[in-house]
Amino acid sequence: MIKVQREDFDLGLEITRLRANSPQVGAVASFLGTVRDLNEGQSVDGMTLEHYPGMTERCLEAIEQEARQRWTLEEVLVIHRVGPLRPQDQIVLVAVSSRHRGEAFAACEFIMDYLKTRAPFWKREETGEGARWVDARESDDRAAQRWAHP
């Protein structure tokens with residue numbers, strides 16, 4: 001399931017829903033991303049996440065489908081917030097359930113790596129020196145490269 005929303009989410013409730021009515025699940029792996037108060041040596045007072053409605057959801061669905069082709073998964077949940085956020089706010093949740101932990105861990109990491117490099121989100125940070133757009137990181141590109149097919 002893919003959700004792009006302005007509202008916050010309840011991590012425990014979302015994981016409970018992911019596992020509901022799934023007695024075959026032996027593992028749940030998740031990643032929770034939050035807003036930091038410091039980036040590249042500058043204090044961050046807040047950030048605004050923008051996206052391209054419709055296109056963003058389709059991109060996230062394609063990432064989910066690719067994960068399902070690579071691993072045997074029971075459920076997948078991606079929640080990504082947009083709009084204004086403050087330090088310590090939740091930004092993103094990726095949660096994956098499967099019969100075995102290895103597949104859950106790998107799929108969760110894959111989805112997050114591809115989300116960071118392929119999904120159309122734009123991040124503007126508010127700092128003491130003014131607002132700035134945040135560029136993609138080379139480290140994110142390198143992380144996603146390891147999943148590329150030979």
Worksheet item: If you plug each phi of the range 131-136 into the Karplus form 6.51 cos²θ - 1.76 cosθ + 1.60 with θ = phi - 60°, what whole-Hz ³J(HN,Hα) values come out, in order, with x for Gly and Pro?
Response: 7, 8, 7, 9, 7, 4
Worksheet entry | Relative contact order computed over the range 1-132 (Cα-Cα under 8 Å; 6+ residues apart), in percent | 39
Practice prompt. Go ahead and estimate [θ] at 222 nm for the chain from helices alone: -39,500 (n - 2.57) per DSSP H run with n ≥ 4, summed, over the residue count, rounded to 500.
Written response: -10500 deg cm²/dmol
Worksheet entry | Note, ³J(HN,Hα) from phi for the range 41-47, Karplus 6.51, -1.76, 1.60, rounded to Hz, x at Gly and Pro | x, 10, 5, 10, 8, x, 8
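We did not get these values from a lab; they are worked out from the coordinates using the rules stated. Just so it is clear, the model here is predicted, and its values are computed rather than measured.
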